[in-house]
1. Hey, can you grab everything whose amide H is under 5 Å from the amide H of A:Phe231? Only 5+ residues off in sequence or another chain; H modelled, so Pro and N-termini drop out.
2. Report the far tail of the P(r) of the range A:735-869, meaning the percent of Cα-Cα pairs longer than 23 Å.
3. Relative to the present Cα-Cα distance, how much length would full extension add between A:Thr480 and A:Gln828 at 0.36 nm per residue of separation?
4. Accessible area, 1.4 Å probe, largest first: how do A:Lys357, A:Lys589, A:Lys18, A:Lys139 sort?
5. What shape does the range A:4-69 have by the C-alpha gyration tensor, where a ≥ b ≥ c are the square roots of the eigenvalues, rounded means a/c under 1.5, and otherwise prolate means a/b greater than b/c and oblate the rest?
6. Report ³J(HN,Hα) in whole Hz for each residue of the range A:756-763, in order, from the Karplus equation J = 6.51 cos²θ - 1.76 cosθ + 1.60 where θ = phi - 60°; Gly and Pro get x.
7. For the range A:497-576, with only Lys/Arg (+1) and Asp/Glu (-1) charged at the beta-carbon, what is the dipole magnitude about the Cα centre, in debye rounded to 20?
8. With all distinct Cα pairs included, what does the Kirkwood hydrodynamic radius of the range A:703-784 come out to in Å, to one decimal, could you say?
Amino acid sequence: MERYDPHAIEPKWQRFWKEKGFMRAKEEGQKQYVLVMFPYPSGDLHMGHLKNYTMGDVLARFRRVQGYEVLHPMGWDAFGLPAENAALKFGVHPRDWTYENIRQAKESLELMGILYDWDREVTTCEPDYYRFNQWIFLKMWEKGLVYRAKGLVNWCPKCQTVLANEQVVEGRCWRHPDTPVEKRELEQWYLRITAYAERLLRDLEGLRWPEKVKAMQRAWIGRSEGAEIHFPLEGREEKVTVFTTRPDTLFGATFLVLAPEHPLTLALASPERRAEVEAYVEASRRKTEIERQAEGREKTGVFLGAYALNPATGERIPIWTADYVLYGYGTGAIMGVPGHDQRDFEFASRFGLPIRKVIERPGDPLPEPLERAYEEPGIMVHSGPFDGTPSEEGKAKVVAWLEERGLGQRKVTYRLRDWLISRQRYWGTPIPMVHCPRCGVVPVPEEELPVLLPDLKEVEDIRPKGKSPLEAHPEFYETTCPKCGGPAKRDTDTMDTFFDSSWYYLRYTDPHNEILPFDPEKARFWMPVDQYIGGVEHAVLHLLYSRFFTKFLYDLGLVSVEEPFQGLFTQGMVLAWTDFGPVEVKGEKVYLPEPTRIMLEVPRNELTLEEIQKMGAELREKEGRTHLFKPAVMSKSKGNGVMVGPFVREQGADIARITILFAAPPENEMVWTEEGVQGAWRFLNRVWRRVAEDREALLQVTEPLEAGNLKGADRALYAKLHETLKKVTDDLEALRFNTAIAALMEFLNALYEYRRENPVTPAYRRAILDYLRMLFPFAPHLAEELWHWFAPNSLFEAGWPELDEKALEKEVVEVAVQVNGRLRGTIQIPKDAPLEVARAEALKVRNVQAHLEGKEVVKEIYVPGKVLNLVVRG
RNA sequence: GCCGGGGUGGCGGAAUGGUAGACGCAGCGGACUUAAAAUCCGCUGGGGGGUAGCCCCCGUACGGGUUCGAGUCCCGUCCCCGGCACCA
């Protein structure tokens, strides 16, 4: 008998599938769009990268054999900083570096047996693609969704470019977690995503997405209902408008606070206070987000020397500026209600401002003076005509009162900001705009697209310098104005690469279209993506932007759906045991040569054994020394990645696939281990041997299977086959790959058990062949090889086994017998046996008898096929 | 602090309100082998009892509750992971 040798069979079937084009997608029949977030091509791939694509491949194959037309495409998010950085480091052009990486990645994907419709490959750095970035940008411009504005923006000193709000994480650059983001005053391009805030929020409801991701998007959009209230100024015509969610506390507003950046802050400062106010504004502008946070929550601020009037009480109240008020939210100004907002309370306490109670706690009156702000609902007091009103009702009543007098109005505010898309970098899509000294900003006419990214040959040309590298290239920016024909200058910034990835899934539906980004009819056929698979790190980046783009294109009539991704699955990461270096162990303490921050808030170089255990780490001997090992996310920098090429060449693609899929539920983290690989190998080898040992006998079975007339072991095997089929099918539908494989292992055990006692029969033959069909999505090479021993066609053509519902109906079932809810035995009875039969059978069980001894049965609960519970007394 | 998700053997993890621990890893015992590997068979939550077939008790973070019956539902508490965080 031949041995299972993955190396001998895998390349053969990979070539076969490719030649046959089983994954070529056609617009006919029932469709399934299976999509995995396309990668940034960064080099050789390790198993951490491959988990996603393996999951997508399993699902795509499953859908294909189920009979769907499946769109399972792949492409490359090819613009971006790493290519430039590599160019700077190695002196190679970003394009060459990118394409070499794409070549390597493709090779890894093919080695794993992951099949795509490569005719639809999309690479975002190609002019054929990015010309439509420019096209979409111009359409947005036409619709008023693109604008240029000057303001304080986030600047990453490492990237040497501005960032969108979504790309700032805890005050730091998302790509450089060690680098605080600075603020700069710049004029930049924005997309008006805020115009879609309400729809982006509302349409989350219907999506089959993880609750976690929906919650993150909701929080990011940050809708809140309240009111804008206008406070007249003392001695001036203008008013200060504030936003509040608590109009019911208006009578308790004893001061106003403007954000330092608010235009009125400097304008309102009195001559005596001016210097101090200016200094405060200047200081807060210089502070990074990180520095602000480092100061703790200690409130700072200065009095402007100006006063406003509380529109409800007519009271004269002071106006301050403080950096706890954010310019970007609401109106950038608040009314200070220290009695009922803890932040205002702290501010008022620090600066001696009056604190007034205007909401009373029902049943348990608040102490006076207040010890802290009372923020819960209550009854309005000291509020003139509103006294006695419950505060929740008071909100609407106060707003109505204000509206009647023209002092304010109801208002819904969002935290979402417009998307800053300019980037001062080379390797991206040029922004198709021209600056004309006479006509101002003029869009490049559609027929002149694409605005080509010039091919900069010198590394120094690419290096970011705090402004766009293209700024140094007159051959690029010198142009004529499309409107007046006079000399003009092209915009030299490039687009955020998230623009590229915001519509790539639409390009797959029609990747070669030269006139439009895609044919609306083709998009209509394929959209929406039925199952999207990717990392949770894009919860408020790519996934939000893509939803925005889809809605925009929907409004243009180009897409028929308002939401791009019906189903979303966020997979867990792949970890590997990682050597964190030698350590010294003394008693209960472990000493590291350098301070570490693995799992610690503060870096330390001393750990206790208990801490090590708690963080899931281990001490292992290596070359005569003790090393600290701990599972860590596979990454190039840690050098702990199991590389695809070498692994597949030594062990095999199917083994890698099973290892990844079986180790843990796909949404969880998984640790790649040698034991896991061993287990996968054992499983597949067992499949091989089961089939190989019976190969000749199976070929000799010619009589057809009569499912209705099976007896004994054959009948049991057939029933188990269909139970397994149901389980595997359901699990695949829900992407529960680990339990699907567990069911396949269980059935394999049943096949071994069967053959210990029984010959090869038609029922057994059917079980083996259907088994291979079920195994196909998971371990396609092995399944295809074994299948071909018995059949001339491919498993792609064999289809998914049809479920025989009748086989699931057991005639004899095992029923648990409980006495007072505790298991005391089991009985075998016909499926539909009445209570009398079940009771009679149960009473024959000795252990049940023992527990009924001398007791009276007062109640019998019988769930046919499940349980008989005898409730006794005495 | 707020929001989301969790807490089940030595480990990864299974369980539509109905026999907790499927499947696998690790471990233990046996067969085969000169030996090892591989493979095959068996055992494997904790405690106790019995010559044995087996039986009993405890057990899904903790405390209550609903129910004939709770890992699953409800209330409260603790802990862990992830996200957000001066958003008025």
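The values are calculated or read from the model by the stated rules, or taken from the named source; none is laboratory data. In this text, all values refer to a predicted model and were calculated from it rather than measured experimentally. All Cβ positions, glycine included, derive from the backbone under ideal geometry; neighbour counts span all protein chains shown. The protein model used for the area step is the full one, side chains on, heavy atoms only, and it has no ligands, DNA or RNA in it. Shrake-Rupley method; radii C 1.70, N 1.55, O 1.52, S 1.80 Å.
1. Close amide H contacts, sequence-distant or interchain: A:Val240, A:Thr241, A:Val242.
2. Numbers: 4960 of 9045 pairs.
Percentage above 23 Å: 55.
3. The A:Thr480-A:Gln828 span can extend by a further 116.4 nm.
4. Numbers: A:Lys357 15, A:Lys589 70, A:Lys18 125, A:Lys139 35 Å².
If we order A:Lys357, A:Lys589, A:Lys18, A:Lys139 from most to least accessible, we get A:Lys18, A:Lys589, A:Lys139, A:Lys357.
5. It comes out oblate by the Cα gyration axes.
6. Working through the residues one at a time gives 5, 10, 10, x, 6, 10, x, 5 Hz.
7. With Lys and Arg at +1 and Asp and Glu at -1, about 120 debye.
8. Numbers: mean 1/r = 0.0765 Å⁻¹.
For the range A:703-784, the Kirkwood estimate is 13.1 Å.
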